[in-house]
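Here's the structure, in C-alpha cells; my notes come after.
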Amino acid sequence: MVTPLVFDLSVELDADGYEIAQVYGSTAAEAATGELMQVNTLFASPTEDGGTRGGVVLVQVDRQSSAGTMELKASWEDRTGSEHETTKTITFPSGSSSFDTTGVRKAVLLSRYADLLKNWMATERDLSLEPDEDGVAVPPDPSALGEWEQRSEPLTLSGDHRDQLGEFRDHFATEADAIGDDALNTELETIDTILETAEDPSSETDDGT
C-alpha cells in the first residue's frame, strides 16, 4: 500500500455487435457506455503461496450480430506522470468453454453461483422473477429488491429452484475440483445445507429463518 502501480486507470469495453448484460466486480461500471472500471490509484494485491487473491472484473455479453467485435481499452498515468494506453481485441474460441486461467474460471463459477442465489431469493420473496430454463439468469436490479434489512422468512425452495440448485451443485463440485481451490468447499456445504433444509420444511436454520 506504499507503492502505487498507476494512477487514473480507466478500462472500457467497445463491444460493437454485443450487448453488455452484466458487469461483476466493479461498482463504477456503466454498461451503457462500456466503462468497466475507474480507479484513481491502483495498488497490487498481496501474493501468498505463489497465488494472488484479489478483485476481478467480469463482463457478461450477449452477441447481437455475427459480425460483432470487441476491444478492451485501458489508459493510465504512471508514477512519472507519463500517460499510457493499450488496446486488445477480444475473440471467443470456438467449441466448448475454455478459460485462460483458473482465476477466470473461478470468477465465472462464483458469478453464476451468486446470480442463482439472488434469483432464488428474489423469486421466493414474490418479486416476479421466473427461473431461467436455459441457465443462470442475471438477477434483477438491486433497487428492485427493497431495503437492505428485510424481515426474515422461512427457508423455501420451490420445485424449479430445487431442481436448478441441485443440478448446479453437481456443476459447482466439478468446477471446484478442476480449479483446485479448497476454499470453494465452503460454498458446497452452503448449497447442501439449503437443499437439506428445504427438503424438511420443519427444520430451521440457527437464526430461525
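The values are calculated or read from the model by the stated rules, or taken from the named source; none is laboratory data. What you see is a predicted model; the values in this text were computed from it and never measured. Neighbour counts are summed over all protein chains in view; Cβ atoms, including those assigned to glycine, are modelled from backbone coordinates with ideal geometry.
Descriptive notes on the structure:
- Residues located in the stretch 66-90, provided they are outside any strand (DSSP E or B), modelled with pLDDT of 90 or more and surrounded by 11 or more Cβ atoms within 10 Å (Cβ to Cβ): 78
- Residues satisfying the stated conditions in the stretch 24-51, i.e. hydroxyl-bearing (Ser, Thr, Tyr), closer than 27 Å to residue 179 by Cα and touching a residue at least 24 places away in the same chain (Cβ under 8 Å): 24, 26
- Residues of the stretch 14-65 that are in a loop (DSSP other than H, G, I, E, B), surrounded by 15 or more Cβ atoms within 10 Å (Cβ to Cβ) and either aromatic (Phe, Trp, Tyr) or over 14 Å from the mean Cα position of the chain (by Cα) (or both): 31, 34.
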